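Presented below is the structure to which this report refers.
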Amino acid sequence: MNNNLILVTGAAGYVGSHCLVELLNNGYDVVVIDNCSNSIHLNGKNMPESLIRVQSITGRQLVNFYKEDINNVTKLEEIFNKHRFIAVMHFAALKAVGESCKIPLDYYHNNVSGTITLLEVMRKYGVKKFIFSSSATVYGYPDYLPIDENHRTGNGCTNPYGRTKYFIEEILKDLCASEKGWCVASLRYFNPVGAHESGEIGEDPQGIPNNLMPFISQVAVRRQPFLKVFGNDFKTADGTGVRDYIHIMDLAAGHSITLENILKKEWTGWNVYNFGAGTGYSVLDVIAAFEESTGINIPYKICNRRAGDVDELWADIRKAQNKLNWKPKWTLKDMCAHSWKWQSKYPMGYRTLRHKQQHDTNDGNLNGNFMANNNNVDNFVQLSQQQQQRKEHFLDMSMMENKTANETLLKTKIFKGKRFALEVNNNEEDIIV
């Protein structure tokens, strides 16, 4: 029997995939569950591209991957019946603040009900070690700074997403108080940013980014024309909002260290930890750090501040430092540099490889016709270049007018002096490299 097996839910996501790298590198065996609702799949593969990259980075195969939803109790029980877990690491959740205001029932069903279903199955199979992916949103408006774990929660949670995290924490506290044997750690993240230092996995938001760092990175690769800075009238040194940013791999290390601790016999009950850098940076600080670490100018425009945005938020991380012996390793410039490494290698995120892999199978030749189906723009792109020339010069593209019925609109973008063709289909853009 494997006594080192961890169940990881939502492992294909941004935080989950980076934490998975840390777990595998530290010798844990894992079973992965993800419903893949926000995942990118290439070439018809069942496994999301992020998890395929995790295998490449770690040199370990994810032999137990289940494309399932945590609300499906029958499938969950099948998985628990097949595998004997020592702990569960729970990332599976919907997480877009704006979206949660539009479809709150979906958020409560997926996040809260899904977690309850998972906990009930865990209890049935005697698995009572649990790490919960929480959020600093549970604190609401800060009463004081920096925010420590004793700060009140639930007051001023301004959106359904934040409330789901708060409700789940209350459920977990009640569970630990009422039933012996549970050991739960709730990790309250502030603002995870950056990417794995290899640049092979990173944050890949679908649509316009909601978070600062991926927005800056997309401006840098010219996917977005400029950065919107929401407000310059905050009560801060430069007038822009101040937040605590933590490198994603520091957060991943925090999960692994927390797991190591909750597996100890003396650890029981409810435990909560802040994970941040312990320092606040303004929006302009982050822009300056990105420009300095990459040499790329980031154009921005000041826009009206958003309702509910507070002046400053940053974490007191002394509890995690003292009790877990954890401390952040990476600087703000590292966060920027690693974000840029990921985005510059894969300008369209995980989709970047879709057509690259298709062309590479054509005996080293890049010859193809791609048609457009668009009433307003009828373009035809003919790519003709040897594979070696592509490596040296990238793609030489010519745009030709065509009026064929079943077309796929193609347009070009310039990035770092190289031209990319972007396929626009069903409101998505896929880069052809």
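FYI, it's all coordinate maths here, none of it is from the lab. It should be emphasised that the depicted structure is a prediction, and the values quoted were computed from it without experimental measurement. For neighbour counting, all protein chains shown are included, and Cβ atoms are generated from backbone atoms with ideal geometry for every residue, glycine included.
The phi torsions of the range 59-64, fed into the Karplus equation with coefficients 6.51, -1.76 and 1.60 and a -60° offset, translate into couplings of x, 10, 8, 8, 6, 10 Hz, rounded to whole numbers, with Gly and Pro shown as x.
With a simple spin-label model that places each label point 7 Å from the Cα along the Cα-to-Cβ direction, the separation between N43 and A307 comes to 4.9 nm.
Here each label is just a point 7 Å from Cα along the line to Cβ, and for F230 and Y144 those points are 2.8 nm apart.
Report the equivalent ellipsoid semi-axes for the range 1-85 in whole Å, largest first, defined as the square roots of five times the eigenvalues of the gyration tensor built from alpha carbon atoms. Show your work: numbers first, answer last.
Values: eigenvalues 71, 61, 21 Å².
Equivalent ellipsoid of the range 1-85: 19, 17, 10 Å, largest first.
Placing dummy labels 7 Å off each Cα toward the beta-carbon, the span from D238 to L263 is 4.2 nm.
For the range 164-215, trypsin sites (Lys or Arg not before Pro) meeting the loop criterion (DSSP other than H, G, I, E, B) and having at most 10 other Cβ atoms within 10 Å: K180.
Computed over the range 169-222, relative contact order equals 18 percent, with contacts defined as Cα pairs under 8 Å that lie 6+ residues apart.
Projecting the Cα atoms of C101, G44, F65 onto the charge dipole of the range 44-138, computed from C-beta unit charges around the Cα centre, puts F65 farthest toward the positive end.
Full extension of the segment from T117 to I103, taken as 0.36 nm per residue of separation minus the current Cα-Cα distance, would add 3.0 nm.
Report the gain in length on full extension from N325 to E77: 0.36 nm times residue separation, minus Cα-Cα distance, nm rounded to one decimal. Each step should come with its number before you reach the end.
Values: separation 248, 0.36 × 248 = 89.28 nm, distance 3.53 nm.
Full extension from N325 to E77 adds 85.7 nm.
Cα centroids of the range 281-297 and the range 85-114: 32 Å apart.
Do any GluC sites (Glu not before Pro) in the range 220-300 lie in a DSSP loop with no more than 10 other beta carbon atoms within 10 Å, and if so, which?
Working: sites: E260, E266, E291, E292; in loops: E266.
In loop regions of the range 220-300 (DSSP not H, G, I, E or B), the sparsely surrounded GluC sites (Glu not before Pro) are E266.
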